[in-house]
Amino acid sequence: MRHYTYHFFTGCLLLLLCVSSTQAQTPFIISGRVTDSANKALPNVTVPLAGVTGGTITNANGSFSISATRWANALELTHAGFEKLTVPLNKTQLTGLSFQLKQHVSLLDDVIIRVDAMDQEPGKRFMKKVIAAKPGNDPNRFSNYSYR
């Protein structure tokens, strides 16, 4: 009788471990759309999960979809020319999300171009470096290398 009880409890433990490991691997699907203040779709917005490896970018329609096995508390939306937007996530609402990014305008005070610092012949300078490095780039100096 003890033998059957031992097998019963061992079997229950294995079943419990299998169920819990399967639940841990269930992915979260997070999807939505990103627009600008004029409600136009924003392509190529970076949409990473905060603190978790994983993320995506929006397509031409501004839509995105992320499948992650670890839960993240927020999304961090970034795009050049727009303010960064950090949005908290709610496990009950993960699809059909809609976000609007605000434009971020930054102006430069002055741009100074110094003629004395400009290189008059950048190609010539580059070729001089190539010629100087030629002995180090010779494939014959490697005994185990052949391109013939």
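A few comments on the model shown:
- Over the stretch 27-100, all Cα pairs binned in 5 Å intervals from 0 give whole-percent P(r) values of 4, 17, 32, 27, 14, 5, 1, listed from short to long.
- Residues of type lysines that Lys102 reaches as a straight line, Cα spacing below 18 Å, ignoring anything fewer than 8 places off in the same chain: Lys40, Lys84
- For the stretch 34-43, 3J(HN,Hα) computed residue by residue from phi via the Karplus equation (6.51, -1.76, 1.60; θ = phi - 60°) reads 10, 10, 9, 5, 8, 6, 8, 4, 10, x Hz, glycine and proline entered as x.
- Relative contact order of the stretch 47-128, taken over Cα pairs closer than 8 Å and 6 or more residues apart, is 20 percent.
- A Förster radius of 41 Å, combined with the Cβ-Cβ distance separating Ser106 from Lys128, puts the computed FRET efficiency at roughly 0.60.
- Gained length - Ala68 relative to Ala80, 0.36 nm times residue gap less alpha-carbon distance: 1.8 nm
Laboratory data are not the source of any read-out in this text; all were calculated from the coordinates shown. All of these numbers come straight from a predicted model, not from anything done at the bench. So basically every Cβ, Gly included, is an ideal-geometry build from the backbone, and we count neighbours across all protein chains shown.
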